[in-house]
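Visitor: One structure, pasted below without further comment.
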Amino acid sequence: MSSQEAEQNWQEDVFRVLKAHDVKHVVFVPDAGHSAAIRMSYADPDIKAVVLTTEEEGIGYLAGAWLGGERGALVMQSRGVGNCINTLALQNCAGFPLLMVVTMRGDWAEFNAWQNPMGQATEASLNLMKVMTWRAAKPEDVAALLHGPATMAFATTEPDAGTNTHNSSTVARKDGDEWVINGRKIFISGVDEA
């Protein structure tokens, strides 16, 4: 496989993994690195492709999608992470699933010097905001690597809910001064796939 074919395949793999995890919203600022996934999202009638004016808007959008019972992903390049740092507090405090797929700029052989500072600080910045990160070393690793975080993001702790928290059956009711919780829990459904 040529390097150009490998490049195209990983870009399409991003879309295929998102689709396999029932992602209904793909939000983005236009990015050449994610151009195949963006193009495929527009072409898929089951996915709402949403162009943003700035990346941090995507975090609020995806919080709303989750509250509405649907999954989404924010695809962006590393420079966009800098725009999201403050808004990541929303996800940190609210605890909704947030899947971000970031193409890296500012690494080895970067032709645009303006990409270097944020590109080199991306992973550390996300980790400081309590966002877990994984980095693919080779294009052919992208699909397998992305499957794990997507499973983690959308996993639930009820055996009959699948990955849809709106199907949860656990209930809490006030009984005098105490709360009674009825339901079943497993540690994480789908973790064997992650």
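The values are calculated or read from the model by the stated rules, or taken from the named source; none is laboratory data. What you see is a predicted model; the values in this text were computed from it and never measured. Cβ coordinates were reconstructed from backbone atoms using ideal geometry, including for glycine residues, and neighbour counts include every protein chain displayed. These accessible areas exclude ligands, DNA and RNA; they are computed on the full protein's heavy atoms, side chains included. Shrake-Rupley method; radii C 1.70, N 1.55, O 1.52, S 1.80 Å.
Visitor: What is the calculated FRET efficiency for Val51 to Ala137, with r their C-beta to C-beta distance and R₀ = 25 Å, to the nearest 0.05?
Guide: Details: r = 30 Å, r/R0 = 1.20.
So the FRET efficiency works out to roughly 0.25.
Visitor: Tell me the carbon and sulfur percent of the accessible area for the stretch 1-126, rounded to whole percent, probe radius 1.4 Å.
Guide: About 55 percent, which is the carbon plus sulfur part of the accessible surface.
Visitor: Taking K and R as +1 and D and E as -1, what net charge do the other residues with C-beta under 13 Å from the C-beta of Asn86 add up to?
Guide: Every neighbour counted, the sum reads -3.
Visitor: Using the Cα centre of the stretch 1-126 as the reference point, and only Cβ charges (+1 on K/R, -1 on D/E), how large is the resulting charge dipole? Debye, rounded to the nearest 20.
Guide: 220 debye
Visitor: Quick one: ranking Asp175, Asp13 by accessible area, 1.4 Å probe, largest first, what do you get?
Guide: Numbers: Asp175 85, Asp13 30 Å².
Reading off the accessible areas and sorting them downward yields Asp175, Asp13.
Visitor: May I ask you to order 103-110, 134-141 by the average number of other C-beta atoms within 10 Å around their residues, highest value first?
Guide: The packing order, highest mean first, is 103-110, 134-141.
Visitor: OK, next. Take the Cβ-Cβ distance between Glu70 and Glu178 as r, set R0 to 35 Å, and report the resulting FRET efficiency rounded to the nearest 0.05.
Guide: After rounding, the FRET efficiency stands at 0.50.
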